[in-house]
Amino acid sequence: MDLDIHGSHSRASKEIVLDEQFVNLVSSIKKKMANVTESGRICKVPERFYLENERKYFPQVVSIGPYHHGNEKLKATEERKWQYFNTLLSRAINVETRLQKCVEVLKQGEDRARNCYGEEIHMNSDEFVEMMLIDGCFVIELFYKSCCKGIRRRGDPYLGTYHVFSQLRRDLILLENQIPFFVLQHLFNLTPTPKQCGDYSLVELSFRFFKKTVPDDLHNVQDKYGQEIHHLLDLVHQSFIPKTHIFQPQLELRSQNMPTATQLDKRGTEIKKSNSRSVLEVKFNNGILIIPALTHHDLMEIGLRNLVAMENCCYDAMKYISSYVFLMKRLIHTIDDAKILRKKGIIDKDEEFVTLFSKIPVDVEAKDFYYGDLCEELSNFTKVGQSIWYARKVRNCVTKFLREL
């Protein structure tokens, strides 16, 4: 039976009965499909990104997946993960049967799960499957508890204070702290849903958990997201990407001459706030630079850093987030730049955004740069505007000189 990635437990996919002579071939093809689409999607962050900033890329509270499994600093949370796992499974009528089914399904998908990591995982089969089971169920139960107040226990150390919850949420958005989304989906389909949590899909629960980080509307998730969700950070990444975009390959990186906000203001280029929900939709129309509003929050730097790292070491597609950070780094170079954008209602902080964009390491090649056309149009427009401004200034000076004669 195929997985319904958006479905709840009450909606089962339709089962198609195959002729026995095709079963082996279909199984082989599905395995090859999984290997092609998911291979190496969870990789380690290169040293150039985390040098002197390990806390921005390494978990501080809880480990998810194999890369930080067994870390001495995180062992205190292992017992809590088992408690969450026990709570989730104990809602089933027959716990042992449900547990056996979870193990069976994870064993069947073990090779596919291992293939999702960019490095060989040195764990035996039982250790690997147990880790996927405990970590996956912990994430699901955490989503339930964070979204449904009715099932929380008083004194829960993860949900009792915002500080701890914030630390936990930042850990779950780290590139190195992921497990394959299909593993989460299997476990979500096999484990019972608390009655208080209604009919949420796993994607909806994920969005509610990361609601500060994702720009998309929850009502749009059902139509937008398909089978190619690799892990939770990838889901966040997909929420930023425009639904449709025709990209024209660039021969050179045209952001080198991108003016700062102060330079644009002095040249008379109008800057306006956009009402778009997608921060990527920076546009230049009829001499006006239109920029979506950006609200500073505690997950912003962690999220952007790990999205940039993911785009640069795990993906071979266009670097949307890297392009955005690269563009904003050019636009907001000083406090004066930030003040101009804040006055326009585009950002809500000054120094915080200057620091944010200056510290994130990012480099984009021309072929992957999302804003090539925008930068060229803006650069050409400001050159014309600057010429007009200079001509007016000369004319005014000549007029003033003639009057004084």
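Read-outs: derived from the displayed coordinates by stated rules, not from any lab. All of these numbers come straight from a predicted model, not from anything done at the bench. All Cβ positions, even for glycine, are placed from backbone atoms using ideal geometry, and neighbour counts span all protein chains on display.
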Checklist entry - Each residue of region 136-145 in order: what ³J(HN,Hα) in whole Hz does its phi give by Karplus 6.51 cos²θ - 1.76 cosθ + 1.60, θ = phi - 60°, with x for Gly and Pro? => result x, 5, 4, 4, 5, 5, 4, 4, 4, 5
Item to check | Of the trypsin sites (Lys or Arg not before Pro) in region 90-121, those whose Cβ has at most 10 other Cβ within 10 Å and which sit in DSSP loop | outcome: none
Checklist outcome for this item: Protection proxy (average C-beta count within 10 Å per residue), highest first, orders 122-135, 140-153 as 140-153, 122-135
Checklist entry - What whole-number value in cubic angstrom gives the convex hull volume per residue for the C-alpha atoms of region 261-387? => result 103 Å³
